[in-house]
Amino acid sequence: MQIKSLLGTKVEWIYYVLQAFNAGDLVRYKKFCSVHKAAHVSQPALVENDKKLSEKINDLCLMEIIFR
């Protein structure tokens, strides 16, 4: 299954989380949280680990900066 095949489905939000995470883009993740708020809050693991996920995205952002 290709990730882009999630677009237009009810689990489209997974695509956006993965895109933000893989890019190390905290702004994109926060935008996801506001645009897809219903999907975000319906996932207890995301809500419970939001701070950890944000920290990991920040780490990935730093790695992207270092390796460029």
GLY24 fails exactly one of (1) free of Cβ contacts under 8 Å to residues at least 40 places away in the same chain; (2) surrounded by 12 or more Cβ atoms within 10 Å (Cβ to Cβ), namely (1)
* To do: Kindly establish whether TYR16 is at negative phi, in contact (Cβ under 8 Å) with a residue 24 or more places away in the chain, surrounded by 13 or more Cβ atoms within 10 Å (Cβ to Cβ) and assigned to a helix (DSSP H, G or I).
  => no
State whether one or more residues within the stretch 28-46 are surrounded by 10 or more Cβ atoms within 10 Å (Cβ to Cβ), at pLDDT 85 or above and among the polar types (S, T, N, Q). yes
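Any chance the stretch 52-64 includes a residue that's under 11 Å from the mean Cα position of the chain (by Cα), buried (at least 16 other Cβ atoms within 10 Å of the Cβ) and of a type outside the set (A, V, I, L, M)?
Checked the stretch 52-64: no residue is under 11 Å from the mean Cα position of the chain (by Cα), buried (at least 16 other Cβ atoms within 10 Å of the Cβ) and of a type outside the set (A, V, I, L, M).
The values are calculated or read from the model by the stated rules, or taken from the named source; none is laboratory data. In this text, all values refer to a predicted model and were calculated from it rather than measured experimentally. Don't worry about glycine lacking a Cβ; one is built from the backbone with ideal geometry, like all the others, and counts go over all protein chains shown.
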